[in-house]
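The values are calculated or read from the model by the stated rules, or taken from the named source; none is laboratory data. This one's a predicted model, so the numbers in the text were calculated from it and none came from an experiment. Heads up, the Cβs are rebuilt from the backbone with ideal geometry, glycines too, and the neighbour counts pull from every protein chain shown. All accessible areas refer to the heavy atoms of the entire protein, side chains included, with ligands and DNA or RNA removed. Shrake-Rupley method; radii C 1.70, N 1.55, O 1.52, S 1.80 Å.
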Amino acid sequence: MSTSSQFPTLRVVSHPLVQHKLSILRDQATPTKIFKELVEEIAMLMAYEATVDMPTQDVPVETPLESTVGRQLRGKKLTLVPILRAGLGMVDGIYRLVPNARIGHIGLYRNHDTLEPVDYYFKIPGDTADRDFFVLDPMLATGGSAASAVSSLKRAGVTRIRFLCLVAAPEGVRRLAAEHPDVMVFCASLDRELNAQGYILPGLGDAGDRLFGTR
Ligand code: PRP
Ligand code: URA
(Lines give C-alpha, C1' and ligand atoms only; values in the text may rest on other atoms or scores of the structure.)
(Ligands and ions follow the chains in the order given, each with its own letter.)
Protein backbone atom coordinates (compact mmCIF):
# COMPACT_ATOMS: atom_id res chain seq x y z
CA MET A 1 0.00 0.00 0.00
CA SER A 2 1.31 3.46 -0.74
CA THR A 3 0.63 6.79 0.95
CA SER A 4 1.28 10.41 0.00
CA SER A 5 1.82 13.46 2.19
CA GLN A 6 -0.46 15.42 -0.18
CA PHE A 7 -3.37 13.06 0.58
CA PRO A 8 -2.98 11.97 4.20
CA THR A 9 -6.32 10.10 4.32
CA LEU A 10 -5.59 8.07 1.16
CA ARG A 11 -4.14 4.56 0.83
CA VAL A 12 -3.46 3.31 -2.68
CA VAL A 13 -3.46 -0.48 -2.98
CA SER A 14 -0.55 -0.88 -5.36
CA HIS A 15 -0.44 -4.71 -5.30
CA PRO A 16 0.50 -6.04 -8.78
CA LEU A 17 -2.65 -8.20 -9.03
CA VAL A 18 -4.86 -5.20 -8.30
CA GLN A 19 -3.05 -3.05 -10.85
CA HIS A 20 -3.18 -5.80 -13.50
CA LYS A 21 -6.93 -6.29 -13.03
CA LEU A 22 -7.57 -2.54 -12.95
CA SER A 23 -5.95 -2.12 -16.38
CA ILE A 24 -8.36 -4.68 -17.85
CA LEU A 25 -11.25 -2.94 -16.10
CA ARG A 26 -10.34 0.41 -17.66
CA ASP A 27 -10.31 -1.04 -21.19
CA GLN A 28 -13.47 0.02 -23.03
CA ALA A 29 -13.46 -3.36 -24.84
CA THR A 30 -13.92 -5.32 -21.59
CA PRO A 31 -17.42 -6.85 -21.66
CA THR A 32 -19.95 -6.57 -18.85
CA LYS A 33 -19.44 -10.12 -17.52
CA ILE A 34 -15.66 -9.70 -17.16
CA PHE A 35 -16.08 -6.17 -15.83
CA LYS A 36 -18.37 -7.45 -13.06
CA GLU A 37 -15.97 -10.29 -12.17
CA LEU A 38 -13.01 -7.91 -12.03
CA VAL A 39 -14.82 -5.43 -9.79
CA GLU A 40 -15.56 -8.28 -7.37
CA GLU A 41 -11.97 -9.54 -7.44
CA ILE A 42 -10.39 -6.12 -6.98
CA ALA A 43 -12.81 -5.30 -4.16
CA MET A 44 -11.80 -8.54 -2.43
CA LEU A 45 -8.10 -7.75 -2.72
CA MET A 46 -8.68 -4.21 -1.49
CA ALA A 47 -10.65 -5.45 1.50
CA TYR A 48 -7.69 -7.67 2.38
CA GLU A 49 -5.61 -4.49 2.75
CA ALA A 50 -8.35 -2.42 4.39
CA THR A 51 -8.84 -5.04 7.14
CA VAL A 52 -5.13 -5.34 7.94
CA ASP A 53 -5.48 -3.68 11.36
CA MET A 54 -8.75 -5.26 12.49
CA PRO A 55 -8.56 -6.32 16.14
CA THR A 56 -8.26 -10.04 16.95
CA GLN A 57 -8.42 -12.13 20.09
CA ASP A 58 -7.15 -15.52 21.24
CA VAL A 59 -9.38 -18.52 20.62
CA PRO A 60 -8.76 -22.12 21.80
CA VAL A 61 -8.59 -24.64 18.92
CA GLU A 62 -8.39 -28.45 18.99
CA THR A 63 -6.31 -29.59 16.03
CA PRO A 64 -6.33 -33.32 15.17
CA LEU A 65 -3.05 -33.53 17.14
CA GLU A 66 -3.33 -31.20 20.15
CA SER A 67 -4.85 -28.12 21.73
CA THR A 68 -3.55 -24.76 20.60
CA VAL A 69 -4.49 -21.09 20.61
CA GLY A 70 -5.47 -19.37 17.39
CA ARG A 71 -6.65 -15.84 16.62
CA GLN A 72 -10.09 -14.71 15.56
CA LEU A 73 -11.65 -11.37 14.70
CA ARG A 74 -12.80 -9.48 17.79
CA GLY A 75 -15.86 -7.28 18.24
CA LYS A 76 -19.07 -6.75 16.31
CA LYS A 77 -19.39 -7.91 12.73
CA LEU A 78 -18.06 -5.69 9.96
CA THR A 79 -20.76 -3.88 7.99
CA LEU A 80 -20.50 -3.33 4.25
CA VAL A 81 -22.49 -0.41 2.86
CA PRO A 82 -22.60 -0.24 -0.94
CA ILE A 83 -23.73 3.05 -2.47
CA LEU A 84 -26.36 2.10 -5.05
CA ARG A 85 -26.02 1.21 -7.76
CA ALA A 86 -22.38 0.73 -8.61
CA GLY A 87 -21.27 -0.08 -5.07
CA LEU A 88 -23.29 -3.30 -5.28
CA GLY A 89 -20.62 -4.68 -7.61
CA MET A 90 -18.08 -4.65 -4.76
CA VAL A 91 -20.17 -6.53 -2.18
CA ASP A 92 -19.85 -10.18 -3.24
CA GLY A 93 -16.06 -10.16 -3.47
CA ILE A 94 -15.67 -8.74 0.04
CA TYR A 95 -18.43 -10.95 1.42
CA ARG A 96 -16.50 -14.02 0.26
CA LEU A 97 -13.57 -12.80 2.38
CA VAL A 98 -15.71 -11.78 5.41
CA PRO A 99 -18.75 -14.08 5.23
CA ASN A 100 -20.24 -12.96 8.53
CA ALA A 101 -20.37 -9.30 7.48
CA ARG A 102 -23.65 -7.39 7.70
CA ILE A 103 -24.81 -5.41 4.70
CA GLY A 104 -26.49 -2.01 4.67
CA HIS A 105 -27.51 0.04 1.63
CA ILE A 106 -27.39 3.71 0.74
CA GLY A 107 -29.26 4.88 -2.35
CA LEU A 108 -27.75 7.94 -4.03
CA TYR A 109 -27.46 9.14 -7.58
CA ARG A 110 -25.61 12.09 -8.99
CA ASN A 111 -27.72 14.82 -10.60
CA HIS A 112 -26.24 15.05 -14.09
CA ASP A 113 -26.45 18.88 -14.20
CA THR A 114 -25.39 19.91 -10.70
CA LEU A 115 -23.28 16.77 -9.99
CA GLU A 116 -24.73 16.93 -6.46
CA PRO A 117 -25.93 13.65 -4.88
CA VAL A 118 -29.65 12.93 -4.52
CA ASP A 119 -30.61 10.64 -1.61
CA TYR A 120 -33.26 7.93 -2.11
CA TYR A 121 -32.60 5.03 0.30
CA PHE A 122 -30.92 4.34 3.64
CA LYS A 123 -30.92 1.08 5.61
CA ILE A 124 -28.17 -0.15 7.93
CA PRO A 125 -27.92 -2.66 10.82
CA GLY A 126 -28.25 -1.48 14.45
CA ASP A 127 -25.53 -1.23 17.16
CA THR A 128 -23.92 1.35 14.91
CA ALA A 129 -21.39 2.81 17.34
CA ASP A 130 -19.70 -0.56 18.00
CA ARG A 131 -19.26 -1.63 14.37
CA ASP A 132 -16.72 -0.97 11.64
CA PHE A 133 -18.39 0.23 8.43
CA PHE A 134 -16.89 -0.07 4.94
CA VAL A 135 -18.63 2.23 2.45
CA LEU A 136 -18.29 0.80 -1.06
CA ASP A 137 -18.41 2.67 -4.36
CA PRO A 138 -16.10 2.06 -7.34
CA MET A 139 -15.84 5.77 -8.16
CA LEU A 140 -14.81 8.73 -5.98
CA ALA A 141 -15.23 11.63 -8.41
CA THR A 142 -16.30 15.02 -6.98
CA GLY A 143 -16.68 13.29 -3.61
CA GLY A 144 -20.26 14.54 -3.22
CA SER A 145 -21.80 11.05 -3.03
CA ALA A 146 -19.14 9.73 -0.65
CA ALA A 147 -19.37 12.74 1.66
CA SER A 148 -23.17 12.53 1.72
CA ALA A 149 -23.12 8.77 2.45
CA VAL A 150 -20.65 9.26 5.31
CA SER A 151 -22.74 12.13 6.73
CA SER A 152 -25.85 9.91 6.68
CA LEU A 153 -23.98 7.13 8.49
CA LYS A 154 -22.67 9.54 11.12
CA ARG A 155 -26.19 10.94 11.68
CA ALA A 156 -27.24 7.33 12.36
CA GLY A 157 -24.53 7.05 15.03
CA VAL A 158 -21.75 5.33 13.07
CA THR A 159 -18.29 6.30 14.25
CA ARG A 160 -15.83 3.94 12.50
CA ILE A 161 -15.97 4.36 8.71
CA ARG A 162 -13.62 3.47 5.85
CA PHE A 163 -14.32 4.25 2.20
CA LEU A 164 -13.30 1.67 -0.41
CA CYS A 165 -13.29 2.63 -4.08
CA LEU A 166 -11.50 1.47 -7.19
CA VAL A 167 -10.66 4.79 -8.84
CA ALA A 168 -10.37 8.12 -7.05
CA ALA A 169 -9.99 11.65 -8.38
CA PRO A 170 -7.85 14.13 -6.41
CA GLU A 171 -10.89 16.43 -6.16
CA GLY A 172 -12.94 13.73 -4.45
CA VAL A 173 -10.21 12.69 -2.04
CA ARG A 174 -9.75 16.33 -1.02
CA ARG A 175 -13.48 16.94 -0.53
CA LEU A 176 -13.99 13.80 1.55
CA ALA A 177 -10.92 14.63 3.65
CA ALA A 178 -12.15 18.20 4.20
CA GLU A 179 -15.65 17.09 5.27
CA HIS A 180 -14.67 13.85 7.02
CA PRO A 181 -10.97 13.85 7.97
CA ASP A 182 -11.49 10.74 10.11
CA VAL A 183 -12.44 8.56 7.12
CA MET A 184 -9.59 6.64 5.49
CA VAL A 185 -9.96 6.08 1.76
CA PHE A 186 -8.64 2.93 0.06
CA CYS A 187 -8.40 2.97 -3.73
CA ALA A 188 -6.69 1.02 -6.49
CA SER A 189 -5.71 4.19 -8.34
CA LEU A 190 -5.52 7.92 -7.76
CA ASP A 191 -6.29 9.21 -11.24
CA ARG A 192 -5.39 12.57 -12.80
CA GLU A 193 -8.50 14.77 -12.73
CA LEU A 194 -12.20 15.21 -13.50
CA ASN A 195 -13.51 16.33 -16.86
CA ALA A 196 -16.19 19.03 -17.27
CA GLN A 197 -18.96 16.43 -16.85
CA GLY A 198 -17.48 15.16 -13.58
CA TYR A 199 -16.04 11.93 -15.04
CA ILE A 200 -12.69 10.70 -13.81
CA LEU A 201 -9.76 10.84 -16.28
CA PRO A 202 -8.44 8.43 -17.38
CA GLY A 203 -10.99 6.53 -15.26
CA LEU A 204 -13.10 3.65 -16.54
CA GLY A 205 -16.27 5.42 -17.67
CA ASP A 206 -19.64 5.08 -15.96
CA ALA A 207 -19.14 2.27 -13.45
CA GLY A 208 -22.86 1.60 -12.93
CA ASP A 209 -23.57 1.36 -16.65
CA ARG A 210 -20.58 -0.89 -17.29
CA LEU A 211 -21.49 -3.18 -14.36
CA PHE A 212 -25.13 -3.58 -15.24
CA GLY A 213 -24.97 -3.28 -19.02
CA THR A 214 -27.18 -0.20 -19.14
CA ARG A 215 -26.75 2.78 -21.51
C1 PRP B 1 -21.56 7.27 -9.67
C2 PRP B 1 -20.63 6.49 -8.77
C3 PRP B 1 -20.69 7.26 -7.49
C4 PRP B 1 -20.81 8.68 -7.96
C5 PRP B 1 -19.47 9.33 -7.88
O6 PRP B 1 -22.86 6.95 -9.39
O7 PRP B 1 -20.99 5.14 -8.62
O8 PRP B 1 -21.76 6.92 -6.64
O9 PRP B 1 -21.25 8.61 -9.34
O10 PRP B 1 -19.53 10.65 -8.20
P11 PRP B 1 -19.28 11.84 -7.18
O12 PRP B 1 -18.04 11.49 -6.43
O13 PRP B 1 -19.09 13.04 -8.08
O14 PRP B 1 -20.48 11.99 -6.30
P15 PRP B 1 -24.10 7.51 -10.23
O16 PRP B 1 -24.59 8.79 -9.63
O17 PRP B 1 -23.73 7.55 -11.67
O18 PRP B 1 -25.23 6.46 -9.94
P19 PRP B 1 -25.34 4.90 -10.34
O20 PRP B 1 -24.35 4.15 -9.48
O21 PRP B 1 -26.75 4.58 -9.99
O22 PRP B 1 -25.04 4.75 -11.81
N1 URA C 1 -19.20 8.10 -11.79
C2 URA C 1 -18.75 7.14 -12.63
O3 URA C 1 -19.38 6.07 -12.76
N4 URA C 1 -17.63 7.38 -13.32
C5 URA C 1 -16.94 8.53 -13.20
O6 URA C 1 -15.90 8.68 -13.86
C7 URA C 1 -17.42 9.50 -12.32
C8 URA C 1 -18.55 9.27 -11.61
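Annotation: the chain has a Kirkwood hydrodynamic radius of 17.7 angstrom, from the mean reciprocal C-alpha pair distance.
Determine the share of the chain's accessible area contributed by carbon and sulfur atoms, expressed in whole percent, with a 1.4 angstrom probe.
That fraction is 53 percent.
Solvent-accessible surface of the chain, taken per residue with a 1.4 Å probe and all protein chains present: 50 Å².
Among residues other than ARG96 with Cβ under 11 Å from its Cβ, the summed charge is -3 (Lys and Arg +1, Asp and Glu -1).
For the chain, the share of DSSP beta bridges that are antiparallel, to the nearest 5, is 45%. When only Cα pairs below 8 angstrom with a gap of at least 6 residues are kept, segment 21-124 shows a relative contact order of 22 percent. Relative to the longest principal axis of the Cα atoms of the chain, helix 16-26 runs at roughly 30 degrees. Positive contributions from Lys and Arg (+1) and negative ones from Asp and Glu (-1), summed over other residues with Cβ under 11 Å from the Cβ of GLU49, come out at +1. If you wrap the tightest convex hull around every Cα atom of segment 149-215 and split its volume per residue, you get 112 Å³.
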